[in-house]
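Written below as structure tokens is the structure these notes are about.
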Amino acid sequence: TTERNVVLHVDDVSKNFGGLHALSDIDLEVEQGKTHAIIGPNGAGKSTLLNVIIGRLAPTSGAVVFDGQVLTGKKPHQINQLGVARVFQTPEIFPDLTVLQNVMVPAFAKRDGAFRVNVLRSVDREAALRDEAEAILEDVGLADRRLSHAGALSRGDKRRMELAMCLIQHPRLLLLDEPTAGMSRHDTNTTIDLLQKIKARGMTKVIIEHDMHVVFSLADKISVLSGGRIIAEGLPDEVRGNIKVQEAYLGG
Ligand code: ADP
Ligand code: MG
């Protein structure tokens, strides 16, 4: 048996939007280097939980702790500086920049501590960074699109580019909100392969995912969220056979 090394704690987190209890008493422990999937029906609170972790939303109560540091109360860019990166459900990109430039921007922003408007002026001098960005674009299967305008990419390619924008930051914790949403089966499988490659590098991941094929291909542990509560949790095989999970999905 190996020792459990929990790197991310979600500690009794609740989030209300007015009278709506989007999250109620959520406890989560994510182990170093593992892929922890959060699944559940639409409206379950998955994106809200992710936004609380990355500091976009303040919880009504409770706290999030990453690697011994309390994230709750910190700003999103401060949390990002601690090694936490995220891929949103809707990609947030720079449509008028090239794919290569998009991938280089987060590395500059991280190095400088904040995004700077003059960042593009120094881009050409950063040969090493460019090499790394090109290698990452190769990894995500976008090498041949590197000089295209990002805004011209297909939805699936935008998601891959956003993943590349995360990888260049060398995050210690990567949060993904439905990374295969809008992708064809072929692109979904390519993304699974890519995420498995990242897993081999030891990065901790929290993945929100609707597609059960993706979940069971990648997850080491699964938490099932329904109505803002965790209704089941365990290894993939345990969750697969759990009747409560089936009820949540079948609406029973
Ligand atoms: P999921 O990602 O699991 O589909 P969400 O976290 O997006 O679910 O939403 C959970 C619940 O919280 C839903 O009922 C949603 O309508 C509500 N909600 C989410 N964000 C907000 C917000 N900013 N203001 C009010 N209600 C919200
Ligand atoms: Mg969502």
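The values are calculated or read from the model by the stated rules, or taken from the named source; none is laboratory data. All values derive from a computational prediction rather than experimental measurement. Glycine gets a Cβ as well: all are built from the backbone with ideal geometry, and neighbour counts include every protein chain shown.
Worth pointing out:
- The residues in the stretch 45-63 that are closer than 19 Å to Ser226 by Cβ and within 10 Å of ligand 1 (Cβ to nearest atom) can be counted, and the count is 8.
- Leading residue by the ranking (farthest from the chain's Cα centre (by Cα)) among those in the stretch 162-202 that are surrounded by 15 or more Cβ atoms within 10 Å (Cβ to Cβ), assigned to a loop (DSSP other than H, G, I, E, B) and among the charged types (D, E, K, R): Arg172
- Selection from the stretch 16-44 of residues that are within 11 Å of ligand 1 (Cβ to nearest atom) and under 21 Å from Val84 (Cα atoms): Ile38, Ile39
- Within the stretch 203-213, the set of residues being within 16 Å of ligand 2 (Cβ to nearest atom) and part of a loop (DSSP other than H, G, I, E, B) comprises Glu209, His210, Asp211.
- Residue satisfying condition, being modelled with pLDDT of 95 or more, within 16 Å of ligand 2 (Cβ to nearest atom) and either among the β-branched types (Val, Ile, Thr) or in contact with a Ser or Thr (Cβ under 6 Å, 6 or more places away or on another chain) (or both), within set Val65, Val52: Val52
- Checked against (1) within 11 Å of ligand 1 (Cβ to nearest atom); (2) crowded, with 18+ Cβ neighbours inside 10 Å; (3) of a type in the set (Phe, Trp, Tyr), Phe66 passes all but condition (1).
- Remark: pairs (first residue in the stretch 192-220, in the same structural domain as Met161 (by TED's automatic domain parsing); second residue surrounded by 15 or more Cβ atoms within 10 Å (Cβ to Cβ); Cβ separation under 9 Å; 6+ apart in sequence or on different chains) are absent.
- Filter pass, Ser226 being more than 19 Å from the chain's Cα centre (by Cα) and touching a residue at least 60 places away in the same chain (Cβ under 8 Å): yes
- Of the set (1) among the charged types (D, E, K, R); (2) within 16 Å of ligand 2 (Cβ to nearest atom); (3) under 19 Å from the mean Cα position of the chain (by Cα), all apply to Lys15 but (3).
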